[in-house]
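Colleague: Pasting in a structure now, in structure tokens, and then I'll have a few things to ask.
The values are calculated or read from the model by the stated rules, or taken from the named source; none is laboratory data. Remember, predicted model here, so these are calculated numbers, not experimental data. So basically every Cβ, Gly included, is an ideal-geometry build from the backbone, and we count neighbours across all protein chains shown.
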Amino acid sequence: MHRLAFEMHPNFVVYNPRTLMRLREAVGEEIGANNDLSHLFWQGCDPVEVIHFLGKQGAIFHAHMKDTVFFPENVNRYGVLNFSFEADDLALASETFRAVGYGHSASLWKSVIQAYMDVGYDGILSIENEDPILSGPVGVERAAYVLKNVRNEILGS
């Protein structure tokens, strides 16, 4: 059976866990998630809840590890649909993508890794770097450092 992993992203037909599951119900179990929490953070989703919800249904096919940072004063002024992808536009942005650990704490990422373990996800945790501040190799290196440390805390090593 072929499987299709959708990255839930605002402005797409599949933009959150509910719309993903509606498509899955209509099409079949070959539909699942490329679970990129960075798109769900700024929609207000709890990442652990999302992982448990989708994981219990066997609907997580892949996982992107990418963070999002919020600029509260701009969220209050412009709302959450005021995203920036460029470093020179961050002063007016409500949020932007960051390397893992540069938007949310290591303790949150520890909860994320634990949640993937709780649901028996044994696929790849793929670091995706779209950080406008940390260049590709640096962002990946720092994300890997955070993820390795939280994994080691969970495993007690």
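Colleague: For A91, indicate whether it is part of a helix (DSSP H, G or I) and within 16 Å of M65 (Cα to Cα).
Modeller: no
Colleague: Let me confirm something: among V146, V140, which residue is touching a helix residue (DSSP H, G or I) at 6+ places or on another chain (Cβ under 9 Å), of a type in the set (V, I, T), surrounded by 18 or more Cβ atoms within 10 Å (Cβ to Cβ) and farther than 30 Å from L23 by Cβ?
Modeller: V146
Colleague: I need every pair where a residue in the stretch 107-119 that is under 13 Å from M65 (Cα atoms) has its Cβ under 7 Å from the Cβ of a residue that is at pLDDT 95 or above and among the small types (G, A, S), sequence separation at least 6 or different chains.
Modeller: Qualifying pairs under 7 Å: W109/G101; Y116/A63.
Colleague: Could you look through the stretch 106-128, keep only residues that are outside any loop (DSSP other than H, G, I, E, B) and among the aromatic types (F, W, Y), and pick out the one that is surrounded by the most Cβ atoms within 10 Å (Cβ to Cβ)?
Modeller: Only one residue tops the list, namely W109.
Colleague: Moving on. Out of all the residues in the stretch 1-45, which are surrounded by fewer than 19 Cβ atoms within 10 Å (Cβ to Cβ), within 22 Å of E95 (Cα to Cα) and among the acidic types (D, E)?
Modeller: E7
Colleague: Looking at (1) assigned to a helix (DSSP H, G or I); (2) surrounded by 16 or more Cβ atoms within 10 Å (Cβ to Cβ), which one does T68 not meet, given that it meets all the others?
Modeller: Among (1) assigned to a helix (DSSP H, G or I); (2) surrounded by 16 or more Cβ atoms within 10 Å (Cβ to Cβ), the lone unmet condition for T68 is (1).
Yes/no per residue for (1) crowded, with 18+ Cβ neighbours inside 10 Å; (2) aliphatic (A, V, I, L, M); (3) more than 26 Å from R3 (Cβ to Cβ):
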{"position": "P47", "(1), (2), (3)": "yes, no, no"}
{"position": "V50", "(1), (2), (3)": "yes, yes, no"}
{"position": "F53", "(1), (2), (3)": "yes, no, no"}
{"position": "A63", "(1), (2), (3)": "yes, yes, no"}
{"position": "V75", "(1), (2), (3)": "no, yes, yes"}
{"position": "A99", "(1), (2), (3)": "yes, yes, yes"}
{"position": "G103", "(1), (2), (3)": "yes, no, yes"}
{"position": "G136", "(1), (2), (3)": "no, no, yes"}
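Colleague: I'd like to know if the stretch 78-88 contains one or more residues that are touching a residue at least 24 places away in the same chain (Cβ under 8 Å), of a type outside the set (A, V, I, L, M, F, W, C), surrounded by fewer than 19 Cβ atoms within 10 Å (Cβ to Cβ) and closer than 30 Å to A26 by Cα.
Modeller: no
Colleague: Which of the residues belonging to the stretch 17-37 are more than 18 Å from V119 (Cβ to Cβ) and either part of a loop (DSSP other than H, G, I, E, B) or in contact (Cβ under 8 Å) with a residue 60 or more places away in the chain (or both)?
Modeller: G28, E30
Colleague: Residues that are small (G, A, S) and assigned to a helix (DSSP H, G or I): does the stretch 53-61 have at least one?
Modeller: yes
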